[in-house]
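Here is the structure we will look at, set down as structure tokens.
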Amino acid sequence: IRRLFVKESQCSPLFDSIASSALGMLNEFDARHLSNLIYSFGLFEHNPDIEGETLFNVFGDAAGKILHTFESQNLSNMLWAFVKVDAKNSRLFQETGRVISGINLGSFKPQELSNVLWSFAKSGEADPELFRVLGNHIVARRLDDFQPQALSNIAWSFATAGDSHPELFK
């Protein structure tokens, strides 16, 4: 998104305005729209302070209230964006891990699975149980469905998390 503007300074006021407008109505956002908003700020790597806390703290609180309604792409994009802006939110990552562990993993595309693993590993929030569940699911899928980038992200994620999955890496 940054490349669409001549100067980064042209972007920040626009994103700040969007953030200010969205804050008053975050409770009206459904999962897809909230995820898209979070993802957009992640793409721009913009996490301004809003009234004493970061925008992504506010996003995390809003997402936590409706996390159970997020679909696989919403979850993947949201986690990725939090990592891109280096927003620390252990509670959101823990809650998201529980949600992911309890839903039909068949709804996740290979890239979404790898993004989730990458996000947890990169954030330092890797949960061994989540990695076990996702590793088991990946083993049960055809690895031919995974593109090289997804496979390398999965391997990097497990290595970075210090988590071995014997079946996945045999």
*Residue within segment 147-160 that is more than 30 Å from residue 19 (Cα to Cα), without any contact (Cβ under 8 Å) to a residue 24 or more places away in the chain, open to solvent by less than 60 Å² (accessible area, probe 1.4 Å) and part of a helix (DSSP H, G or I) present*: yes
_Testing residue 103 on (1) under 23 Å from residue 47 (Cβ atoms); (2) in a loop (DSSP other than H, G, I, E, B), one condition comes back false. Which one is that?_
(1)
_Total residues in segment 1-48, condition among the β-branched types (Val, Ile, Thr), over 14 Å from residue 85 (Cβ atoms) and either open to solvent by less than 60 Å² (accessible area, probe 1.4 Å) or at pLDDT 90 or above (or both)_ = 1
*Looking only at segment 81-117, count how many residues are open to solvent by 50 Å² or more (accessible area, probe 1.4 Å) and among the aromatic types (Phe, Trp, Tyr).*
0
*Of all residues in segment 49-73 being open to solvent by 20 Å² or more (accessible area, probe 1.4 Å) and in a loop (DSSP other than H, G, I, E, B), the one that is modelled with the lowest pLDDT*: 51
*In segment 161-170, what residues are open to solvent by 70 Å² or more (accessible area, probe 1.4 Å) and either in contact with a strand residue (DSSP E or B) (Cβ under 9 Å, 6 or more places away or on another chain) or of a type in the set (A, V, I, L, M, F, W, C) (or both)?*
169
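Here's the yes/no breakdown for (1) in contact (Cβ under 8 Å) with a residue 60 or more places away in the chain; (2) over 22 Å from residue 62 (Cβ atoms); (3) more than 16 Å from the chain's Cα centre (by Cα):
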{"position": "84", "(1), (2), (3)": "no, no, no"}
{"position": "117", "(1), (2), (3)": "no, yes, no"}
{"position": "121", "(1), (2), (3)": "no, yes, no"}
{"position": "128", "(1), (2), (3)": "no, yes, yes"}
{"position": "136", "(1), (2), (3)": "no, yes, yes"}
{"position": "142", "(1), (2), (3)": "no, yes, yes"}
{"position": "163", "(1), (2), (3)": "no, yes, yes"}
*Which members of segment 123-146 meet the condition of being in a helix (DSSP H, G or I) and surrounded by fewer than 21 Cβ atoms within 10 Å (Cβ to Cβ)?*
123, 128, 129, 132, 133, 136, 137, 139, 140, 143, 144, 145
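The values are calculated or read from the model by the stated rules, or taken from the named source; none is laboratory data. All of these numbers come straight from a predicted model, not from anything done at the bench. Every residue, glycine as well, gets a Cβ built from its backbone with ideal geometry; the counts of neighbours run over all protein chains shown. For accessibility, only protein heavy atoms count, side chains too; no ligands or nucleic acids. Shrake-Rupley method; radii C 1.70, N 1.55, O 1.52, S 1.80 Å.
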